[in-house]
Amino acid sequence: QVQLVESGGGLVQAGGSLRLSCAASGSTLSTTPMAWYRQAPGNQRERVATLTTTDTTNYVDSVKGRFTISRDNAKNIVYLQMNSLKPDDTAVYYCNTFSARYSWGQGTQVTVSS
């Protein structure tokens, strides 16, 4: 059974940066397209960044130019570098495959103050 563990969230002022990490046990993350998702209170979970097995990335418009998804194959970790954070980025962030194949982890809370 694959377990996903997200970390790196926190409280940051607008304009600040955070780097989220997603570690997986029971799966090799480099062999499947991965994604970061977020869910703000009262909203549906949305996919904000994707990374293919050939390292092609894609982002939702609201984070383009500010977020970067990447992967360390040796450590089996997927990252989300978040710069120029805005209060609208406040949410719980999750990682999963592009098709959300695995069970969801606990997520990591990101709170951006104005």
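The values are calculated or read from the model by the stated rules, or taken from the named source; none is laboratory data. For clarity, every value in this text was computed on a predicted model and none was experimentally measured. Note: ideal-geometry Cβ built from the backbone for every residue, glycine included; neighbour counts use all protein chains shown. SASA here: full protein model, heavy atoms, side chains in, ligands and nucleic acids out. Shrake-Rupley method; radii C 1.70, N 1.55, O 1.52, S 1.80 Å.
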Self-check item: Enumeration of residues in the range 1-15 that are open to solvent by 50 Å² or more (accessible area, probe 1.4 Å), of a type outside the set (A, V, I, L, M, F, W, C) and more than 17 Å from SER114 (Cα to Cα)
Solution: GLN1, GLN3, SER7
Practice problem: Please list, ordered by first then second residue, the pairs with beta carbon atoms under 8 Å, 6 or more apart or interchain, first in the range 29-42 and over 19 Å from THR108 (Cβ atoms), second buried (at least 21 other Cβ atoms within 10 Å of the Cβ). | Solution: PRO33/LEU51
Quiz item: Only one of these conditions is not met by ASN58: (1) open to solvent by 20 Å² or more (accessible area, probe 1.4 Å); (2) touching a Cys at 6+ places or on another chain (Cβ under 9 Å). Which number is it?
Solution: (2)
Practice problem: Working only within the range 69-102, note down all residues that are open to solvent by 70 Å² or more (accessible area, probe 1.4 Å) and within 14 Å of ALA35 (Cα to Cα). | Solution: PHE98, SER99, ARG101
